[in-house]
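The structure under discussion is supplied below as structure tokens; questions concerning it will follow.
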There are 6 protein chains.
Amino acid sequence: MTGTPTGNRMRREWTRGPVLGAWCTIGSPGAVELMADCGYDFLILDCQHGEFGVTELEPMLRAFGGTEVTPTVRVPHNDYFAIGHALDAGAQTIIVPMVETREQAERAARAVRYQPDGARSWAVTRAARALGSDPAAVNEQVALLLMIETATGLENAAEIASVPGVDGIFVGPADLALTMGLQPGVTAPAAGVEDALDKIAGICAEHGIVAGLAGGAEYARHGFRVLTVGNDRALLAAGRAKVDEARAAAPSTG
Amino acid sequence: MTGTPTGNRMRREWTRGPVLGAWCTIGSPGAVELMADCGYDFLILDCQHGEFGVTELEPMLRAFGGTEVTPTVRVPHNDYFAIGHALDAGAQTIIVPMVETREQAERAARAVRYQPDGARSWAVTRAARALGSDPAAVNEQVALLLMIETATGLENAAEIASVPGVDGIFVGPADLALTMGLQPGVTAPAAGVEDALDKIAGICAEHGIVAGLAGGAEYARHGFRVLTVGNDRALLAAGRAKVDEARAAAPSTG
Amino acid sequence: MTGTPTGNRMRREWTRGPVLGAWCTIGSPGAVELMADCGYDFLILDCQHGEFGVTELEPMLRAFGGTEVTPTVRVPHNDYFAIGHALDAGAQTIIVPMVETREQAERAARAVRYQPDGARSWAVTRAARALGSDPAAVNEQVALLLMIETATGLENAAEIASVPGVDGIFVGPADLALTMGLQPGVTAPAAGVEDALDKIAGICAEHGIVAGLAGGAEYARHGFRVLTVGNDRALLAAGRAKVDEARAAAPSTG
Amino acid sequence: MTGTPTGNRMRREWTRGPVLGAWCTIGSPGAVELMADCGYDFLILDCQHGEFGVTELEPMLRAFGGTEVTPTVRVPHNDYFAIGHALDAGAQTIIVPMVETREQAERAARAVRYQPDGARSWAVTRAARALGSDPAAVNEQVALLLMIETATGLENAAEIASVPGVDGIFVGPADLALTMGLQPGVTAPAAGVEDALDKIAGICAEHGIVAGLAGGAEYARHGFRVLTVGNDRALLAAGRAKVDEARAAAPSTG
Amino acid sequence: MTGTPTGNRMRREWTRGPVLGAWCTIGSPGAVELMADCGYDFLILDCQHGEFGVTELEPMLRAFGGTEVTPTVRVPHNDYFAIGHALDAGAQTIIVPMVETREQAERAARAVRYQPDGARSWAVTRAARALGSDPAAVNEQVALLLMIETATGLENAAEIASVPGVDGIFVGPADLALTMGLQPGVTAPAAGVEDALDKIAGICAEHGIVAGLAGGAEYARHGFRVLTVGNDRALLAAGRAKVDEARAAAPSTG
Amino acid sequence: MTGTPTGNRMRREWTRGPVLGAWCTIGSPGAVELMADCGYDFLILDCQHGEFGVTELEPMLRAFGGTEVTPTVRVPHNDYFAIGHALDAGAQTIIVPMVETREQAERAARAVRYQPDGARSWAVTRAARALGSDPAAVNEQVALLLMIETATGLENAAEIASVPGVDGIFVGPADLALTMGLQPGVTAPAAGVEDALDKIAGICAEHGIVAGLAGGAEYARHGFRVLTVGNDRALLAAGRAKVDEARAAAPSTG
């Protein structure tokens, strides 16, 4: 890289107001690049429910080059290696799914930052292009969001939020609904989870960390500042509406 | 495959009325599969302007498995090997770009069918899963569409349409506009090409072959029966409208 | 996807009699497709000893499209994420290696099904093409087979078999032989493991779950209903016999 | 590589007697490696009817490392670049399909060797590992086989065989049968092509070049010294016989 | 991309003085990215002698994102489709090997630019990110360098240089030496080609186009302004010197 | 494979004196092959900080074919499956990062060898090409090096070294420095870690196992016999010095 490390724009912006992102689940650098040109503040490369794993991220992360979109990765699970690999490859914000306890929150926090803030393993990797390789400087730029998406996680939310190194809570409303005995909502959080959302937003505010949600901009008014508006699957599936509409418009020529 | 070869549905259907498809330019089997679930009659894997070449088609063609979408390939150029490779991989309809002369039309026709209708090289390949491997039966199922997209091609359209083995003409309005001194139209054929479209539709009708167009359902009334309604790039790029809308809706929480 | 979800044929069939499959260890969708056309009831994509991991399954799973072969995955280890990823990608039956205790069996069962039967994380993924995305309906279709392949596992077989959500025990005779101090049998279970096989078949019958074995059709008479007859490596290695035979037949022409 | 270049074993051996090979059409280095361990003298990576193109050969060619199997490539067509690319990647013997005229034979010969024997473009590439990078020494090791597989090619066989730099003629009996108005023979050359085979073997003998055939060892007695005994597709498809046999052997346990 | 198209920096710079680049022959986006961080003005992705073809360029071209290195591609041959594909993928400067005649020069020029300067096929592709999609504006930014690397090409150099749309001549000294009956020079142009170099530099100056050379900075004084200083293979092969040196330094500890 | 299994040359050599290797972090078989031709005794494919995971090793391991370089893998973490997968793919020496306790050392040892020395799962895999498939013979050839790279690991070094099946300790000086409150040294072990190095070399000598270090040949005199001299990233990054030097040498021609 020819210039100065640019840092994590997403975490700078969320101190000022909501940041908007989307989910990438198709393992195609070309698809990621098209998404990266749409103007999102961040894109989440989803290693939990997407086609790809943490060792396949690099080609997708290159698609962020020259844009201002913050590369964010949902790791598949709360694993020291998976988190380290995603960061080495160039992820700046890490989202960890299914966090339920303080101990799990501490484990994630240890994996994200170098000594003395954590125990991440150091090496010169691709990550240095955007964040440099000074351990202390990198520690200031990376961000960690923990997902609360079970009834147990909800119960322990305050403890989770209080762990040093946790920069925010990100709510997964579909799994949360399931563990509360509700149906997952495909296009919006299920009715019945609102109280949980408000509780988490409140806890985040109290602990001075950011609240995020896999849900649209309308949740900004509930205090959520990291929000997602759609995903690559849904955008491609919109082809169905297009073809239905065209079929209606195509007059019989027989 | 365990059952009977199913044949080329697209060419059966276009004898009854318009068939609607879309373009795939992202080299991702996952993206193709999502498109294949949208209900198009056919999808065109675009080896001319897409990310991929004819030797990379197989993983994408597998994404059609179990659907009724006819796998169609635009080969990069009018080349005996490229056409053979696409067919071997499982393409059922071949679209050849930039055809300008009778000789070029004959060359394409030779590549598409086995003796005695052409000179395609025979082997047991993936293609046998859908069309079998009897040369005569395969010859009946595959289809060849030639693109007219230059002023020269337009001039020679009647000669091109009269070549045995040519099943249709497919118009590329953007390049056609360019060679007529017009700007290419990004979302619809440029003003100024309508007469050319009508001329080609007329020639196709006269020669008893199908007319196609890289353009929407509204052209069915001009006699076009192979039409495309969008592409994967445009579907993903619709993310921009979503994020703009969401940004407008996200109230400041400061 | 154009039609109704088709469900897990393998688990329907094994209630009626033996089902026969094979192992895929070469990470090639083309090789899987050729195997899928051979008429097996199921194919096991082997993420433990094969070339590939759970995040590389999708291109191989597409090779099952349009066939009636049930896509089955041996995950590399008893891991919540690995199991979830294989299911999201389209696996319908999961085989977990090296299960030795009730606790491990419970862990696997939690990973395979959604609430309230387990704790699988929900999302709209490729899996919906064959099984839909209603949590309860999916839970009914997926199947979980646990491998007993150590002396410890054998000892705890009854406890393992009694765990809710375990649909069958699948015996790995090579590792089982090793842990019993015997040599692994390359082409058939080692002498000395028969008693173990009978014991497991008996336990399965008692608990109303299916018994499976990495071994041939002759074990059907021991009560095994999920059986494997070969693998891709062995099929390709049969080239040696062909070339030896040909070499014997090629007369010197000097 | 650390040792002395080893040269093209296949062309050394065919001066002494028949060499036996097989076709690789699956684009998987793992599958090629399993084939390379079977004891063939050479393997043909088939860029004409296989899954892959010349720019995808390198990973497959690495699977020959440490074996004595001569890496051979059927290029997709008679193209200067395709031949150069295959050689640069490490192919030692080149097979060109569909050669019909002296001019085409000369074109292939020019592409295979450096000045003064041809016009191949020189660079330090992977090929130097086995053959070195001295132009003259490389010219002595590489081999060129031209396929005659049409009636026109058959007619011009003597002219084709007389072109300097052509090391042999390789007959493709399936396409040859087609162009003679016969059905292609899937497992053996079609009845009706024997005279053609004998004619070509005679011409090769007369011109002091080797005769080859996509057919089994029994053709050695016709004078063919480069013979193929099967392919990867057929080896995998043998799974069908295995499963049928097993199904017959699996007694009902109901 | 979110900002203004940035244009072809390499062609802006060479009007002011020498530009320095290197060759990439390893088909690895990670390797390209490391090279792109070294400070070259341009990198040549070599589809002629490298591991990859034009349809595999996109992942490598993404590695230029956020740098000021001009993505340059040597196409494998003088082919309308290959040139179009490289440009669509994001190449800004095209190098065509083995040009020998005016007709060949005109063919290349037609492929590089849109109407009215050429006959490139128009589509919205990845290329628009850096150069926009207005045909006239793109025509101004792309650059075409033709390689003279044979005695015939040398003879016709003035005619080649006079073709409209040719932005420069790039000399390949290794092949040029071979066709002059000399050995190719591995690390520097062979003795005996200097006169040829001076002749070409003179012709370029006369026609107001740039002269380039696969050779180092010392040739700037001969009037060459597009120069290459090494390649990825040579950089990795420098490991040999490192290990030799270390071996000498590692004292026996026995 | 045609001959007798060749065994693990690296572990034979280190009994006689220092062995020298390098790190491969670029996930490119072509890059690995170029490194394998440099004369290192071993190459470490780095799944911890490299671009790739254990399921992507096979294409890289094929690049060792025909060389005498011992294929060595640093697994991403101390995981039974990851170690088994690397060995199945053909790794002969395994390096496990971040080992801190006797229990962790025992866990790694169990994963590396078959019964009765460990609990590795047995199958016929690619590994048999070099080491055969007899469990006892394989156990004698594979090697296990554990990394000590934290203050805790250093404290427990003697216990770790005493675990049966541990063939050596390999020090990671960068992470070790970090956990000791020092800065990681990019090109050489940080000042302040020498005492730790000497302590570990002493413990290894005492327990009759080998000592290794991610550091150069000069550490041989401290008793280290497994040493690394560079990596692929650093070799490619040396392009910067080349271009800087060339830029200084390129005279202005204006």
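For segment B:9-249, what's the radius of gyration and Dmax over Cα atoms, in angstrom?
When restricted to Cα atoms, segment B:9-249 yields Rg and Dmax of 17.5, 64 Å.
If you don't mind, another one. Quick one: buried accessible area between C and A, total over both chains, 1.4 angstrom probe, nearest 100 Å²?
1600 Å²
Which of A:PRO189, A:ALA201, A:THR179 sits farthest toward the positive end of the charge dipole of segment A:173-254, with +1 on the Cβ of Lys and Arg and -1 on the Cβ of Asp and Glu?
The residue sitting farthest along the positive end of the dipole is A:PRO189.
How would you rank C:131-137, D:23-29, highest first, on the average number of other Cβ atoms within 10 Å across their residues?
For the peptides C:131-137, D:23-29, the packing ranking is D:23-29, C:131-137.
Can you list, shortest first and in nm, the gaps between the label point of E:GLU68 and those of its counterparts in the other copies, using a point 7 Å from Cα in the C-beta direction?
E:GLU68 label point versus its equivalents elsewhere: 2.1, 4.9, 5.9, 5.9, 6.6 nm.
OK, next. Which whole-Hz couplings ³J(HN,Hα) result when phi for each residue of segment F:129-139 is put into the Karplus expression 6.51 cos²θ - 1.76 cosθ + 1.60, θ = phi - 60°, listed in order with x for Gly and Pro?
Per-residue couplings from phi come out as 4, 9, 10, x, 10, 6, x, 5, 5, 5, 4 Hz.
Roughly how big is segment B:123-215's charge dipole about its Cα centre, with Cβ charges of +1 (Lys, Arg) and -1 (Asp, Glu), in debye to the nearest 20?
I would put it at about 380 debye.
Give the average, rounded to an integer, of partner chain Cβ atoms located within 10 angstrom of each Cβ in A:216-223. Let's see the in-between values first.
Values: counts 5, 9, 4, 1, 6, 5, 1, 1.
Neighbouring Cβ atoms belonging to other protein chains average 4 per residue here.
Roughly how big is segment F:1-66's charge dipole about its Cα centre, with Cβ charges of +1 (Lys, Arg) and -1 (Asp, Glu), in debye to the nearest 20?
It works out to roughly 380 debye.
Ignoring solvent entirely, what values of log10 I(q)/I(0) come out of the Debye formula for segment C:203-254 at 0.16, 0.17, 0.21, 0.28 Å⁻¹ when each Cα is a single scatterer?
Ignoring solvent entirely, the Cα scatterers give -0.64, -0.67, -0.79, -1.00.
Which of F:MET98, F:MET60, F:MET180 moves most in a GNM of chain F, Cα contacts under 10 Å?
Fluctuation is largest for F:MET180.
With a 10 Å cut-off between alpha carbons and a GNM built on chain D, which of D:GLY84, D:GLY53, D:GLY39 moves the most?
The residue that fluctuates most here is D:GLY39.
Let me ask you something else. In nm, to one decimal, how far is the modelled label at B:GLU103 from the one at F:GLU106, with both set 7 Å along Cα→Cβ?
Going from the B:GLU103 label point to the F:GLU106 one covers 8.2 nm.
How many partner chain Cβ atoms sit within 10 Å of a residue's Cβ in peptide E:80-87, on average, as a whole number?
Averaged over the peptide's residues, the number is 4.
Moving to a separate point now. What are the DSSP H helices in chain B that stretch 24 Å or more along their long axis, judged by alpha-carbon atoms, and whose average Kyte-Doolittle hydropathy comes to at least 0.0?
none
Further question: Report the convex hull volume per residue for segment C:54-113, counting only C-alpha atoms, in Å³.
Normalising the Cα hull of segment C:54-113 by residue number yields 74 Å³.
Would you compute the Debye intensity of the protein assembly as shown from its alpha-carbon atoms alone, equal scatterers and no solvent, and pass along log10 I(q)/I(0) at q = 0.04, 0.05, 0.08 Å⁻¹ to two decimals?
Debye curve over Cα of the protein assembly as shown, log10 I(q)/I(0) at q = 0.04, 0.05, 0.08 Å⁻¹: -0.24, -0.39, -1.09.
Largest first and in whole Å, what are the equivalent-ellipsoid semi-axes of segment E:119-252 based on the Cα gyration tensor, each being the root of 5 times an eigenvalue?
35, 25, 12
Out of E:ALA105, E:PHE52, E:ALA63, whose Cα points farthest toward the positive end of the dipole of segment E:1-113 (charges: +1 Lys, Arg; -1 Asp, Glu; placed on Cβ)?
E:ALA105
Something else now. I need to check one value: relative contact order of chain B, counting alpha carbon pairs closer than 8 Å and at least 6 residues apart, in percent.
RCO, chain B: 18 percent.
Something else now. With N set to the number of residues, divide the alpha-carbon radius of gyration of segment F:1-131 by 2.2 N^0.38 Å and report two decimals.
Taking the Cα Rg and dividing by 2.2 N^0.38 Å, one obtains 1.01.
A further question follows. What per residue convex hull volume, in Å³, do the alpha-carbon atoms of segment E:1-76 yield?
Dividing the Cα hull volume of segment E:1-76 by its residues yields 94 Å³.
Whole angstrom only: what separates the Cα centroid of segment E:21-69 from the Cα centroid of segment F:1-71?
25 Å
Cross-link candidates for E:LYS242: which lysines have Cα within less than 18 Å, leaving aside residues fewer than 8 places away along the same chain?
Answer for E:LYS242, where 18 Å is the Cα cut-off: F:LYS242, listed by chain and number.
Just E:THR228, E:THR93, E:THR152 to compare: in a GNM of chain E, with alpha carbon springs under 10 Å, which one fluctuates most?
E:THR152
Please report which chain F residue places its beta carbon nearest the axis carrying chain F onto chain A, with the distance rounded to a whole angstrom.
That would be F:GLY53, 4.
At 222 nm, what value in deg cm²/dmol follows for chain A if DSSP H runs of at least 4 each add -39500 (n - 2.57) and the sum is divided by all its residues, to the nearest 500?
Mean residue ellipticity, 222 nm, calculated: -10000 deg cm²/dmol.
Summarise the partner chain shielding of E:36-42 as one whole number: the mean count of Cβ atoms from other chains within 10 Å of each residue's Cβ. All intermediate terms of the calculation are to be shown ahead of the outcome.
Details: counts 5, 9, 10, 8, 6, 2, 0.
For peptide E:36-42, the averaged partner shielding equals 6.
Please state the charge dipole magnitude for chain A, taken about the Cα centre, from unit charges on C-beta atoms (+1 on K and R, -1 on D and E), reported in debye and rounded to the nearest 20.
Computed about the Cα centre, the dipole is about 480 debye.
Would you mind working out the accessible area per residue for segment E:1-112, using a 1.4 Å probe, and quoting it in Å²? Intermediate results must be reported in sequence, preceding the final value.
Values: 2800 Å² over 112 residues.
Each residue of segment E:1-112 exposes 25 Å² on average to a 1.4 Å probe.
I'd like the trypsin sites (Lys or Arg not before Pro) in segment D:1-92 restricted to DSSP loop residues with at most 14 other Cβ atoms within 10 Å, sorted by number. Mind showing how you got there, number by number?
Details: sites: D:ARG9, D:ARG11, D:ARG12, D:ARG16, D:ARG62, D:ARG74; in loops: D:ARG16.
Hits after loop and neighbour filter: D:ARG16.
Kindly give the distances from C:ALA188 to its copy-mates, label point to label point, with each label point 7 Å from Cα along Cα→Cβ, as nm values to one decimal ordered shortest first.
So the distances to the same position in the other copies read 3.3, 6.5, 6.5, 7.2, 7.4 nm.
Relative contact order for segment D:143-254: what percent, with Cα pairs under 8 Å and sequence separation of 6 or more?
Details: 151 pairs, mean separation 23.1, N = 112.
Value for segment D:143-254: 21 percent.
Taking a label point 7 Å out from Cα toward Cβ, give me the nm distances from B:GLY202 to the same spot in the other copies, shortest first, one decimal.
Here the equivalent label points are 6.0, 6.0, 7.6, 8.9, 10.0 nm apart from this one.
Place +1 on the Cβ of every Lys and Arg and -1 on the Cβ of every Asp and Glu in segment A:9-249, take the dipole about the Cα centre, and give the residue among A:PRO135, A:ALA214, A:ALA234 whose Cα lies farthest towards its positive end.
Of the candidates, A:PRO135 comes out farthest on the positive side.
The values are calculated or read from the model by the stated rules, or taken from the named source; none is laboratory data. What you see is a predicted model; the values in this text were computed from it and never measured. Cβ sites come from the backbone with ideal geometry, for glycine too, and all protein chains shown count toward neighbours. Side chains included, ligands, DNA and RNA excluded: accessible areas come from the protein's heavy atoms. Shrake-Rupley method; radii C 1.70, N 1.55, O 1.52, S 1.80 Å.
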